[in-house]
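FYI, it's all coordinate maths here, none of it is from the lab. Owing to the predicted nature of the structure, the values given are computational and were not obtained by experimental measurement.
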C-alpha cells in the first residue's frame, strides 16, 4: 500500500503544478483535514474539501505563479507518506521559497489528512523513522 500512497501524493504535486484545482479536489477525501505548520497566518485546521480548496485558492492568489518542488524522495509507511518540498511563488508579492515537510495520510486512494511541519526531522520522528 505505501507505494500506491506515494503515487497519490506525487499526483497531488503534479495536479497542483498543472493548476488543476478540480483534479486536486478529487484527490482529497470529502472529510479531509489539513493542519498548517506552527506560526502559519491562517492556522486552521481546515476541515473538508471546500475549506481546504478555499484555503489553497486564497494562497494561489498571492502569487502570479507558484510551484511545489519535492526536495527528496517521498517515504511511504503504512497509510502515511512523508516528504520535504519547496513551495516557490513569484509575481504579485515578494518571491518566496518556503521549505516544508508534509505528512499525508492516504485511505482508499484519497488524501484523508495532511500535516505540514517546518522541521523534516520532526515529521520523520512522528512516523517512527530516523532522519
Square roots of 5 times each gyration tensor eigenvalue, C-alpha, the range 56-116, largest first, Å: 26, 13, 7
Once both axes come from the Cα atoms, what is the angle between helix 49-60 and the longest principal axis of the chain, in degrees from 0 to 90, rounded to 10? 50
Pairs of Cα atoms farther than 18 Å apart, the range 2-126, %: 51
Whole Å is fine, so just give me how far the alpha carbon centre of the range 1-76 lies from that of the range 85-118. 6
Taking 25 °C and 0.890 mPa s as the conditions, I'd like the Stokes-Einstein D for the range 1-40 in µm²/s, using the Kirkwood hydrodynamic radius from alpha carbon pairs. 215
Taking the chain as the reference, fit the longest principal axis to its C-alpha atoms, fit the long axis of helix 2-17 to the helix C-alpha atoms, and give the angle between the two in degrees, 0 to 90, nearest 10. 0
